[in-house]
Amino acid sequence: MASILSDASATQRVLDMQDLFLRFTMDSIFKVTFGYEIGTLKPELPDIPFADAFALTNEIASSRFMNPFWKLQRVLNVGSEATIAKSAKVVDDFIYDVMKARNAENLQNSGQRDLFTRFKLLNEGGKELTDKTLRDTLLNFLIAGRDSSGLTMSWFIYMMTLHPHIEQKLFEELRDLDTENVVNGDMSSKELPQTGGDDYFHERVERFSELLTFDALLNLQYLHACILETLRLYPVVPLNPKSVAADDTLPDGTEVKKGEFVMYAAYAMGRMPSLWGPDATEFKPERWLVDGGVQPESPFKFVTFQAGPRICIGKDSAMLQLRIVLATLCRFFTFQVVPGIDVKYRQMSTLLLAHPGLPVTVAKRSLD
Ligand code: HEM
């Protein structure tokens, strides 16, 4: 990712950050789930039929909520249902091929820690998961872990472009960490390439990313506050519907009947003055900070990850990934939305940036 941005900065090439982030999170979640490098973020940004079919299948599946005729279309195999049948087959064929290749490996001694290997080994000697169950379980992680993080990263960068003083303050936090360790600390004793060139820049990015240990990331409180503030205003699951399994009474006395839908709207809740104060719609990372440290909110108020027993299972890994990626990018680059582009949201089951995504030009930050 850093090399693509660095090349684009030299030529002032416009990049769609949403596309880049979704490629990045696809590669990373695919590796975590199936233990396989899919490579959508290679420098030439290849079109990978599986990745395209995966995105299309997700999109059509989400649009079923708004299409009362989808079941009829499916029976007749016409329109978007004919398309989804084809794209889902591309997804299935690819996943089964990957699983076949992985099944042929000696997983017991592979030392791999991806979810495919873990699920397989978990069931060794017991009742094995069928390939279909394993496919469904792992695809669930892929669906839950790709758009969510990729879109949050996109909204975060958009927020930085709108609030240069916040971008600068974040940069200073990151630069201090860099200066303390890479420039003045132990890491400076290793020889760096000649200053100024691409090699020097890439080595500095590399060294900075090595600094981002779990503990170091926890100390980046302003970064954390900026991420939480993005998640508050742009929750990637903006509406979360649940169907009622049995007649019940909610804590406030509202009666719900079996078969009805109950929905909470994280997007609206993140903007309610009654919850967040009169400046609820403003992007203000400071609202999370008390004496320079992030003050956590109840998950029943900050509902972006849901709350209670169904809280997002990937929350901690998502927060870690967001911190690593955004710290690196905001230390070394600054972003500007292409003038004249009106960034809007588009709501499918997730909160996307509408076409043309997030087109930006990017410039390198000073390394001093
Ligand atoms: C910014 C990032 C993320 C946000 C805002 C987010 C949010 C959510 C929300 C709101 C739910 C719905 C819970 C429910 O209503 O049942 C959920 C479920 C889930 N999330 Fe996340 N998530 C994020 C990242 C991730 C990542 C990176 C992973 C995987 C490593 C992941 C894995 C899951 C899984 C497996 C579920 C359960 C799906 C199910 O019940 O079928 N999430 N997430």
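Any read-out appearing in this document is the output of simple, stated calculations on the displayed coordinates, not a laboratory observation. The structure presented is a predicted model; accordingly, all values stated were derived computationally and were not measured. Virtual Cβ from ideal backbone geometry, glycine too; neighbours counted across all protein chains shown.
For region 239-260, the condition of being within 26 Å of Trp288 (Cα to Cα) and in contact (Cβ under 8 Å) with a residue 40 or more places away in the chain holds for at least one residue. Inside region 207-238, residues that are within 27 Å of Tyr345 (Cβ to Cβ) and assigned to a helix (DSSP H, G or I) make up a count of 12.
Go over the candidates Val290, Val325, Val343 one by one and state the one that is of a type in the set (Val, Ile, Thr), without any contact (Cβ under 8 Å) to a residue 60 or more places away in the chain and either over 30 Å from Asp198 (Cβ atoms) or within 16 Å of the ligand (Cβ to nearest atom) (or both). Even if it seems obvious, please write down each step before you answer.
On the way: Val325 fails: without any contact (Cβ under 8 Å) to a residue 60 or more places away in the chain; Val343 fails: without any contact (Cβ under 8 Å) to a residue 60 or more places away in the chain.
Unique residue meeting the criteria: Val290.
Just one of (1) more than 11 Å from the chain's Cα centre (by Cα); (2) of a type outside the set (S, T, N, Q); (3) surrounded by 18 or more Cβ atoms within 10 Å (Cβ to Cβ) fails for Glu37. It is (3). Among the strands (runs of 3 or more DSSP E) confined to region 314-368, there are none with at least 1 residues that are surrounded by 19 or more Cβ atoms within 10 Å (Cβ to Cβ) and of a type in the set (Lys, Arg). The set of residues from region 115-160 being under 30 Å from Leu352 (Cα atoms), of a type in the set (Lys, Arg) and crowded, with 18+ Cβ neighbours inside 10 Å comprises Arg135, Arg146.
Considering only region 148-162, state which residues are away from the ligand (no atom under 16 Å from the Cβ) and either touching a helix residue (DSSP H, G or I) at 6+ places or on another chain (Cβ under 9 Å) or among the small types (Gly, Ala, Ser) (or both).
In the first step, residues of region 148-162 are kept if they are away from the ligand (no atom under 16 Å from the Cβ); the result is 160-162.
The answer is Met160, Thr161.
The lone criterion from (1) surrounded by fewer than 15 Cβ atoms within 10 Å (Cβ to Cβ); (2) within 21 Å of the chain's Cα centre (by Cα) left unmet by Pro285 is number (1).
Each row is one residue, and each column tells you yes or no for (1) within 16 Å of the ligand (Cβ to nearest atom); (2) touching a Lys or Arg at 6+ places or on another chain (Cβ under 7 Å); (3) more than 28 Å from Ser63 (Cα to Cα).
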| position | (1), (2), (3) |
| --- | --- |
| Glu191 | no, no, yes |
| Thr195 | no, no, yes |
| Leu223 | yes, yes, yes |
| Leu231 | yes, no, no |
| Tyr234 | yes, no, no |
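Can you spot a residue in region 191-199 that is buried (at least 18 other Cβ atoms within 10 Å of the Cβ), touching a residue at least 60 places away in the same chain (Cβ under 8 Å) and among the hydroxyl-bearing types (Ser, Thr, Tyr)? No: region 191-199 contains no residue that is buried (at least 18 other Cβ atoms within 10 Å of the Cβ), touching a residue at least 60 places away in the same chain (Cβ under 8 Å) and among the hydroxyl-bearing types (Ser, Thr, Tyr). The listed residues are Leu174, Leu139, and the only one of them that is within 16 Å of the ligand (Cβ to nearest atom) and of a type in the set (A, V, I, L, M) turns out to be Leu139.
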